[in-house]
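The structure under discussion appears below in the form of structure tokens.
The values are calculated or read from the model by the stated rules, or taken from the named source; none is laboratory data. If you're wondering where the values come from, they're calculated on a predicted model, not measured in any experiment. With ideal geometry, Cβ positions are generated from the backbone for all residues, glycine too; neighbour counts draw on all protein chains shown. Surface areas here come from the heavy atoms of the whole protein model, side chains and all, with no ligands, DNA or RNA. Shrake-Rupley method; radii C 1.70, N 1.55, O 1.52, S 1.80 Å.
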Amino acid sequence: LPTAASRVEIRTFYGGLELGLAALAVIGIVRPAWTSAALLALALVTGGCALGRLAGLVVEGTVERSLVVALVIEASGAAAATWALSSLPSPTPA
């Protein structure tokens, strides 16, 4: 990457964001009250990344293997989080 600012941006989103999501996933595992929120956030974020990447591939007209692999991973993560969210028992009314 040509500039310090561009390298900081990449570290922010490909490092910091993923670390934050990983922390949220761990919280969802160890605190059952947070499981639904964590799964919803993971589904939305990974799904949004997959849609953004797909749009980028279409706009740029490229099918670079590494980008397609990342798309498959992101879409799979979104699908898995959505499936897990839908598999949770419904909360009982108070």
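Descriptive notes on the structure:
- Residues considered: Val72, Val45, Val68, Val58. Of these, the only one that is open to solvent by 100 Å² or more (accessible area, probe 1.4 Å), in a helix (DSSP H, G or I) and free of Cβ contacts under 8 Å to residues at least 60 places away in the same chain is Val58.
- Qualifying residue in the range 9-32 (condition: open to solvent by 40 Å² or more (accessible area, probe 1.4 Å), in contact (Cβ under 8 Å) with a residue 40 or more places away in the chain and within 15 Å of the chain's Cα centre (by Cα)): no
- Members of the range 80-90 found to be open to solvent by 60 Å² or more (accessible area, probe 1.4 Å) and either free of Cβ contacts under 8 Å to residues at least 12 places away in the same chain or touching a strand residue (DSSP E or B) at 6+ places or on another chain (Cβ under 9 Å) (or both), listed by number: Trp83, Ser86, Ser87, Pro89, Ser90
- Among residues of the range 1-30 being in contact with a helix residue (DSSP H, G or I) (Cβ under 9 Å, 6 or more places away or on another chain) and of a type in the set (Gly, Ala, Ser), the one that is farthest from Gly52 (Cα to Cα) is Gly28.
- Test: residue in the range 54-67 that is among the aliphatic types (A, V, I, L, M) and within 30 Å of Pro89 (Cα to Cα): no
- Yes/no for Leu51 being open to solvent by 70 Å² or more (accessible area, probe 1.4 Å) and under 16 Å from the mean Cα position of the chain (by Cα): yes
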